[in-house]
Amino acid sequence: MLTGTYRPGTSRVHRSAAGVKLLGLLVFSTLLVAFQSPVTVLVGLILVSGLYGFAGFGVRTLVGQVWPLRWFVLFLVPFQWWTAGWQGAVAVIGTLVVAVAAAALISLTTRVTDLLDVIARLLEPARAIGVDPDRVALLVALTIRAVPVIAATLQEARDARRARGLEHSTRALVTPLVVRTIRHADRVGDALAARGIDD
Amino acid sequence: MIQIEGVSHRYGDREVLSGIDLSLVESRIGVIGANGSGKSTLARLLNGLVVPSTGRVLVDGMDTARDGAGVRRKVAFVFSDPDAQIVMPTVAEDVAFSLRRRGLSKKEVADRVGDILGRYGLGGHADHPAHLLSSGQKQLLALASVLVTEPEVLVCDEPTTLLDLRNSRHVAGLLEGLAQRVVLITHDLDLLHGWQRVLVIDEGRVVADGPAEQSIDHYEGLMGAERSC
């Protein structure tokens, strides 16, 4: 999950190879899940916080990366508490939050083009079964790029709904959002073709 | 040279271009016409984004229907909405993205990206999120992202439509100064002042073709006549 946008820097975390960081994330997330417990979450949180500090980011940046999860967490906490007790709730939700924070640190310290190169290299063997690594890398880039575009479209649709006095109408929000998102996708397709990116 | 030979184009039952024959050799060519007249379709024919229903479009002898990839290396395209054209999260990455698969080293890519961002006044924004740029800066980025590939022809489909007067004039000034041949589709008649050749499109046909002042007079007459009907 790539949530943040690259922020240039010269720290060791910034300078580490994208492949090493992705491998580190894989190992870290696997350990978090394999040894899921409140203690593991605490150790993981200390480690991730330390890396944020090492990369030159403060607590505010860390919290900002996981803030979008707040509604999801609020929804999950009572359910997990009820089914698995407080320790289970802390373990499951804490694992999710710490893993997302770790993933966000990678996108904060790594250029997307470097990540795409790694993805394309990793997928190179899959070319034998018809997978085009560059096309998969392009798909990832477009997905990352779509996040702020759709967020801005949603905000505009919300404003337009309010301006028309239809604050509680789901249709007045969803219809323009879907139509504009599809139109945007269409235009991006044209732009990619025009730039010769998929030739 | 771009050669358009006997081109017609339909979207379903609707014919949007009809019987177009043109040789485009001038370094500055404008295209004007009312909304829905077919000028954007004409622009899209030039780099193979649209393939004609009948007839053919040749770019230095290459048929856009058969060698679209080759044509697009020569003919770049800029849209009116830069948001749709920007693919990567940061400014420098978006420009660099155009150079993927070109066999350049990382240093060559970085040098070319740095050079073009500097020329377009975006040097200080290289690592900024592209979606946070102003509209004018986004259009400059869209231009930089296609010009970094050093095309021979630049087709711009209403590139100043979403810009304020200052940014519109800035982009117009940049287009004026380009070494490339430019085909500009626009509603802003002031941008075409002094241009060598301007085509007027009306209901899918070229109804005027000449120096800017002559074609603009014809277009204004056409619009005036429609208003008085």
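The values are calculated or read from the model by the stated rules, or taken from the named source; none is laboratory data. What you see is a predicted model; the values in this text were computed from it and never measured. Every residue, glycine as well, gets a Cβ built from its backbone with ideal geometry; the counts of neighbours run over all protein chains shown.
Below, the figures for the structure above:
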{"item": "Total residues in the stretch B:97-119, condition within 11 Å of another protein chain (Cβ to nearest Cβ) and at pLDDT 90 or above", "result": "3"}
{"item": "Test result for B:VAL31, buried (at least 19 other Cβ atoms within 10 Å of the Cβ) and in a loop (DSSP other than H, G, I, E, B)", "result": "no"}
{"item": "Residue match in the stretch B:134-153 (condition: modelled with pLDDT under 90 and of a type in the set (A, V, I, L, M))", "result": "no"}
{"item": "Filter result (closer than 15 Å to B:ARG101 by Cβ and within 12 Å of another protein chain (Cβ to nearest Cβ)) within the stretch A:97-141", "result": "A:THR113, A:LEU116, A:ASP117, A:ALA120, A:ASP132, A:PRO133, A:ASP134, A:ARG135, A:ALA137, A:LEU138, A:ALA141"}
{"item": "Residue within the stretch A:158-173 that is of a type outside the set (Gly, Ala, Ser), at the interface with chain B (Cβ under 9 Å from one of its Cβ atoms) and surrounded by 12 or more Cβ atoms within 10 Å (Cβ to Cβ) present", "result": "no"}
{"item": "Verdict on B:GLY38 being under 15 Å from the mean Cα position of the chain (by Cα) and buried (at least 24 other Cβ atoms within 10 Å of the Cβ)", "result": "no"}
{"item": "Residue within the stretch B:107-126 that is of a type in the set (Val, Ile, Thr), without any contact (Cβ under 8 Å) to a residue 24 or more places away in the chain, touching a helix residue (DSSP H, G or I) at 6+ places or on another chain (Cβ under 7 Å) and part of a helix (DSSP H, G or I) present", "result": "yes"}
{"item": "Candidates B:LEU122, B:LEU58, B:LEU42, B:LEU49 - the one that is aliphatic (A, V, I, L, M) and within 14 Å of chain A (Cβ to nearest Cβ)", "result": "B:LEU49"}
{"item": "Output for the stretch A:1-49, where each listed residue is within 14 Å of another protein chain (Cβ to nearest Cβ), among the charged types (D, E, K, R) and outside any loop (DSSP other than H, G, I, E, B)", "result": "none"}
{"item": "Qualifying residue in the stretch B:164-180 (condition: β-branched (Val, Ile, Thr) and either at pLDDT 90 or above or exposed (fewer than 14 other Cβ atoms within 10 Å of the Cβ) (or both))", "result": "no"}
{"item": "Qualifying position, being part of a helix (DSSP H, G or I) and without any contact (Cβ under 8 Å) to a residue 12 or more places away in the chain, among A:VAL63, A:VAL140, A:VAL131", "result": "A:VAL63"}
{"item": "Top-ranked residue of the stretch B:62-85 - restricted to ones that are at the interface with chain A (Cβ under 7 Å from one of its Cβ atoms) and in a loop (DSSP other than H, G, I, E, B), ranked as farthest from B:LEU42 (Cα to Cα)", "result": "B:ASP81"}
